[in-house]
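So the structure is just underneath, and the comments pick up after that.
The values are calculated or read from the model by the stated rules, or taken from the named source; none is laboratory data. Just so you know, these numbers come straight off a predicted model, no measurement behind them. When we count neighbours, we look across all protein chains shown, and the Cβ atoms used for this are built from the backbone with ideal geometry, even at glycine. Side chains included, ligands, DNA and RNA excluded: accessible areas come from the protein's heavy atoms. Shrake-Rupley method; radii C 1.70, N 1.55, O 1.52, S 1.80 Å.
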Amino acid sequence: MSFFSFGQSAEIDIVLNDAETRKKAEHKTEDGKKDKYFLLYDGETVSGKVNVTLKNPGKRLEHQGIKIEFIGQIELYYDRGNHHEFVSLVKDLARPGELTQSQTFDFEFIHVEKPYESYTGQNVKLRYFLRATISRRLNDISKEMDIVVHTLSTYPELNSSIKMEVGIEDCLHIEFEYNKSKYHLKDVIVGKIYFLLVRLKIRHMEIDIVKRETTGTGPNVYHENDTIAKYEIMDGAPVRGESIPIRLFLAGYEMTPTMKDINKKYSVRYYLNLVLIDEEERRYFKQQEITLWRKGDIVRKSMSHQAAIASQRFEGSSSAEKALAQAQAKEQEQ
Amino acid sequence: RSEAGGEMADTIADTRRLFSKPQNLNDAYGPPSNFLEIDVSNPETVGVGRTRFTTYEIRLKTNLPIFKLKESRVRRRYSDFEWLRGELERDSKVVVPPLPGKALFRQLPFRGDDGIFDDSFIEERRAGLEQFLNKVAGHPLAQNERCLHMFLQDESVDKTYTPSKIRQA
């Protein structure tokens, strides 16, 4: 920033062409605040305008060139100096020369690859941004505009349930089951815990969702665990043969898709942690990894069609369905 | 009336419960398999003068197969509890809870009360010993130690025993 009244300075403003129609997504910044940014997807073209507004109209702005860059980079907090750029595109907007008046430049990056999802974590950050720069001899003028990228997946072809028998010999045997191994971010975990042997005095049982962020490689691997949900599923003492249902709606929790070895720099994985607590506060637990993925939004079908599906899901037995059909038939008669 | 076709499955998640075997009624209403009750009671001071000491009755009732006797009654003194705690700390991976205090200051002369034979002190100690035993005896790892079973169910504590783990058939 130049405080001298002589010389010329300028303000840069970057505007996307589809700013009116493009959706924005909320994204947490490093200090925990939530902000909204334009949402882009892999392969989409990024086009817009760079508005250069001269601060002192009438004075010329000499420059060594004006350009705009689209950058995707990973920043490890313990190694701030090194930004690992995995996407770096540049478009020259103006050759070295001078601006005599405020000007607008068009830009277009066609079918930009955005292979990873934007992520702000405890020890690492991955971000995408546009940066317009007016190069000058002494100091450049630049402006950055952050955008958020989401990676979408389709329904996995194979999505087996997780079913396992675990325990402590002669003390506690349980069989736990989760209906899937891959869940999307607005999915529901449906499961059950079946007690085969209970020789302990269990007081309650909960299921936790644990997020593990792994940064670094080789001897410098660092795991950061964060329990993002604790959900009590049983209060009281179970006995043999008892089955405790689990129904955990994921939409209420702030989670990202599972990220494995992003650009060989970091991973974000999620685990379900089943915890049983006995009368003396002793904890018995079993951790199981699940894969989270992001589903694209689909067009909503008509409401009555959805209601029909919902009622089918709710009625479990054929007798209930018969009763419903009879009630509907009676209504139509009247 | 016709509705839009297409993928019905994605719109609303299926949240119906997973199937479970119905519970056996004997399991549901019978006695639970985790019954274990330990009481520490009836403090009795034995001996005279300097050699006096207090013993406590330890009564155990259980249906856990790991205990040889389903009911047992023994008498132990504070130093026996200290011995048990030491054995468990050394041999098992259990984080052993603390015992109620040793109260050495109560054994100093010229006290206004009965020192370690004071009724309220004995009651405090009794309650602490009961809490200690219930915590320890319910621990799956402590239940594997020979010293715990000897302490709870044998006539007397043989401090020259060979420490070992209990193995179930």
Within segment A:12-113, DSSP-loop GluC sites (Glu not before Pro) with at most 14 other C-beta atoms within 10 Å are A:Glu20, A:Glu30, A:Glu113
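State to the nearest 20 debye the size of the charge dipole of the protein assembly as shown about its Cα centre, where the only charges are +1 on K and R beta carbons and -1 on D and E beta carbons. Provide the component values of the computation, followed by the final result.
Numbers: 76 positive and 77 negative charges, 81 e Å.
The dipole of the protein assembly as shown has a size of about 380 debye.
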Check the straight Cα-Cα distances from A:Lys55 and name the lysines below 25 Å, setting aside those fewer than 8 residues away within the same chain. A:Lys67, A:Lys91, A:Lys143
To the nearest 0.05, what FRET efficiency results for A:Val15 and A:His204 with a Förster distance of 41 Å applied to their C-beta separation? 0.15
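Considering only protein heavy atoms and a probe of 1.4 Å, how much of the accessible area of segment A:162-293 is carbon and sulfur, as a whole percent?
Ligands and nucleic acids excluded, carbon and sulfur give 44 percent.
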Please identify the GluC sites (Glu not before Pro) of segment A:205-277 that satisfy two criteria: DSSP loop assignment and at most 15 other Cβ atoms within 10 Å. Which are they? A:Glu254
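Once you have the Cα-Cα distance between A:Thr217 and A:Lys163, take 0.36 nm times their residue separation minus that, and quote the gain in nm to one decimal. Please list the in-between numbers first.
Details: separation 54, 0.36 × 54 = 19.44 nm, distance 3.20 nm.
Result: 16.2 nm gained on full extension.
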Do you know which residues of segment A:193-236 lose at least 40 square angstrom of accessible area in the protein assembly compared with their chain on its own, with a 1.4 angstrom probe? A:Tyr194, A:Arg199, A:Lys201
Once Lys and Arg get +1 and Asp and Glu get -1 on their Cβ, which of A:His63, A:Leu89, A:Ser161 lies farthest toward the positive end of the dipole of segment A:37-165? A:His63
Contact order relative to length of segment B:50-156, as percent, for alpha carbon pairs under 8 angstrom and 6 or more apart: 31
Inter-site label distance for B:Phe110 and B:Thr51 at 7 Å from Cα along Cβ, in nm: 2.9
Please compute the contact order of chain A in relative form: average sequence separation of alpha-carbon pairs under 8 Å and at least six residues apart, divided by the residue count, as a percent. 13
Grab the DSSP H runs of chain A that are 4 residues or longer, score each as -39,500 (n - 2.57), total them, divide by all residues and round the 222 nm result to the nearest 500 deg cm²/dmol. -2500 deg cm²/dmol
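With contacts defined as alpha carbon pairs under 8 Å and 6 or more residues apart, what's the relative contact order of segment A:10-149 in percent? If you can, show how the numbers build up before the last one.
On the way: 324 pairs, mean separation 43.4, N = 140.
Computed over segment A:10-149, the figure is 31 percent.
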Hey, with R₀ at 22 Å, roughly what FRET efficiency would A:Lys91 and A:Glu62 work out to, going by the Cβ-Cβ distance, to 0.05? 0.55
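Pop the C-beta distance of B:Arg59 and B:Glu123 into the FRET formula with R0 = 22 Å and round what comes out to the nearest 0.05.
Numbers: r = 17 Å, r/R0 = 0.77.
Once rounded, the FRET efficiency stands at 0.80.
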If a paramagnetic tag sat 7 Å from the Cα of A:Thr151 along the Cα-Cβ line, which residues of segment A:94-113 would have the backbone N under 20 Å from that point? A:111-113
Loop-resident sites, segment A:147-179, for GluC sites (Glu not before Pro), counting at most 10 other Cβ within 10 Å (DSSP): A:Glu157, A:Glu169
Given Cβ charges of +1 for Lys and Arg and -1 for Asp and Glu, the option among A:Met259, A:Thr100, A:Leu16 whose Cα lies farthest towards the positive end of the dipole of the protein assembly as shown is A:Thr100
Leading residue at positive end of dipole, chain A (Cβ point charges), from A:Leu130, A:Thr215, A:Ile290: A:Leu130
